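Since the structure comes first, as structure tokens, the remarks are kept for the end.
No lab work stands behind these numbers, since they all come straight from the coordinates. Predicted, not measured: the structure shown is a model, and the values here were computed from it. Counting neighbours? That spans all protein chains shown, and the Cβs are built from the backbone with ideal geometry, glycine included.
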Amino acid sequence: MPPNDERLAELFELAEAFCQDVMTPEQKARLEQLVVGDEELRRAYVRYLHMQVCLRRVFEGAGERGQPVTDGSPQPLAPPTVSPSNVPSVQAGADTYPPMRRWPRRLAAACIVGLAGVAVSLWLKPPGFRDVQPSATVATLTNAVGCTWEMSQVPQLGQGLRAGQLELTAGMAEITSANGAVVVIEAPAVLELLSPSNGFLHAGRIVVRVPPEATGFAIETQRAKLVDRGTEFGVEAGTAGQTVVQVFDGVVEADLKNDAGAKPQRLTAGQTVRIDAVASEPLANVPQRFVRRLPDPKERGADWLVPYNQHRFDAVHIVPAPAKVAIDGDLSDWDRSGSFLVRFTEPYSRDYYVEGAMMYDAQYLYIGAHVGDPAPMRSVIDPKTDPTAGWKAGAVQVRISTDRAAGWPLQAEGSLVRKAPLRPLDRSAQLVHLTMWYYQPEKLPCLHIQYGMNFHGEVVNPADARGAFKEDSDHRGYVLEYAIPWRWLHAEADPPRGGDLLAACWNVHWSDDGGRLWKGYLVDVLNPSEKGYTYQRAATWGRAIFHPKGNLPKGTVLPR
């Protein structure tokens, strides 16, 4: 049974005292008493400290690495996770954690030591704990393409890898375990190497190929232990804890870690299942779901990982739509006086850019964009089977609030930032995340919608939303055009009108030629006084200015 709120609150107060370096001997004794006597509290303690370390790195360390902290969906840092399989996963929900306070940089080391202490101190070892031998070389980095690592020691090609955690934030990597198993890692992902014969996937996607001599190689996630019986299989560990397993060849034994105590399952070639806290369910077998090989460098050219842009705009100007707007991939009938243009830094500005525009009327929100893209409209992300991954393969994302009362800046947060229970505004269905992409195999414009900073209420390709794409004649870009009914933005009864000041931001993503691998992204229309990821802190969103009249005079849209 989960611990009650009073004991959780006490635990977090003691953990915060530790992070603030103000813990008394009495508090330390009480903390030990709590975690020794309650397995759920022990789990919560591990997760709390891990989350503090991850968040400190986001808000304090990102600038030191030369990486922006202003979002996109491809999370540079994977979601906070529980320690490997030796510490069970937490199901109490990330919304149960207290607000984070900034704590001194010098205490980062102390909290990391605290986490290590959780893993090695006798009084915190749960039953079945397995020590990892950090000095052992358990695998070798055998291939890497466009890799960016979130690690103090960046792995080098041909280098032996010791037991421990690999955090890949961009590109693809291939490692070969000491027993011969090959693991292809697709960013963003966090994979923990435990031994030559097993690992723990905290987040992301991998494909495992196991030769006969390495049969028995195992990958664990929060939801399952997957044991190879001479095969090739893909594994995805989702941000909500669910696990997807797809078997390409051979047999995999899946031992489910769910509440129902289900018996192990035998999965054979062609089978795909999703495993959550309750049970498993079959999924369609989609070949494009996993990347099974690293692309040849000749297929990509020199610009494999496009650098992040420097955002230029703090507002998007939304104008009334003309009387007739055809959704046909041609923006010549638009009022583009409110459009903004942003490019990547040199030498990529000619190929990677977006001109974005938004309009409105009583029925629709209109979104239009001309995107520079050397590999336009190539996505093979199927909206029927993998809609939440639509952003990864060339897409435009717009986040927008239709809550007039919330105004701007929009003070809403997701659970990775706000560890107290989410407030009504955080969960509001009028905070809308729109992802638009072109599904090449079916020549289909796609729209994926989620709500609130907890991303609930998924909608895929609603029938009354209209979208169109058109590739540029030189095949170096495309035009996107959408008309989205206000009802899908939960504003049908009272849509935004001229004079409103709301909140919005734009993310644009690029993929490789194959339409599967994420290459880079742009994020703009941002609040320059705020930091954080736009998918977690809505205060980072820029102003959405609804003008009562169109044909804005020159000089209205200016970079900040």
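Alpha carbon centre of region 138-152 versus region 365-391: separation in Å?
Taking the Cα centre of region 365-391 as reference, the centre of region 138-152 is 28 Å away.
With N set to the residue count of region 137-289, report its C-alpha Rg divided by 2.2 N^0.38 Å to two decimal places.
Taking N as the residue count of region 137-289, the ratio is 0.98.
For region 314-546, what is the number of Lys pairs with C-alpha distance below 26 angstrom, counting only pairs 8 or more positions apart or on separate chains?
So the count works out to 15.
For region 433-560, what ratio Rg/Rh do Cα atoms give with a Kirkwood hydrodynamic radius?
Using Cα coordinates only, the ratio equals 0.97.
With a/c under 1.5 counting as rounded, go ahead and sort region 317-387 into rounded, prolate or oblate using the C-alpha gyration tensor (a ≥ b ≥ c being the square roots of the eigenvalues; past the cut-off, prolate if a/b is larger than b/c, else oblate).
Oblate shape, in that a/c is at least 1.5 and b/c is the bigger or equal ratio.
Going by average Cβ density within 10 Å per residue, which order do the peptides 274-281, 338-345 take, highest to lowest?
338-345, 274-281
Under 26 Å from the Cα of K225, which lysines turn up, not counting those fewer than eight places away in the same chain?
Counting by Cα, and skipping residues close in sequence, K225 has these lysines nearby: K125, K257, K263.
Under the rule a/c < 1.5 gives rounded, and otherwise a/b versus b/c splits prolate from oblate, where does region 389-480 land using the Cα gyration tensor?
Prolate.
What do you get for Rg/Rh of region 314-546 when both radii come from the Cα atoms and Rh is the Kirkwood radius?
0.94
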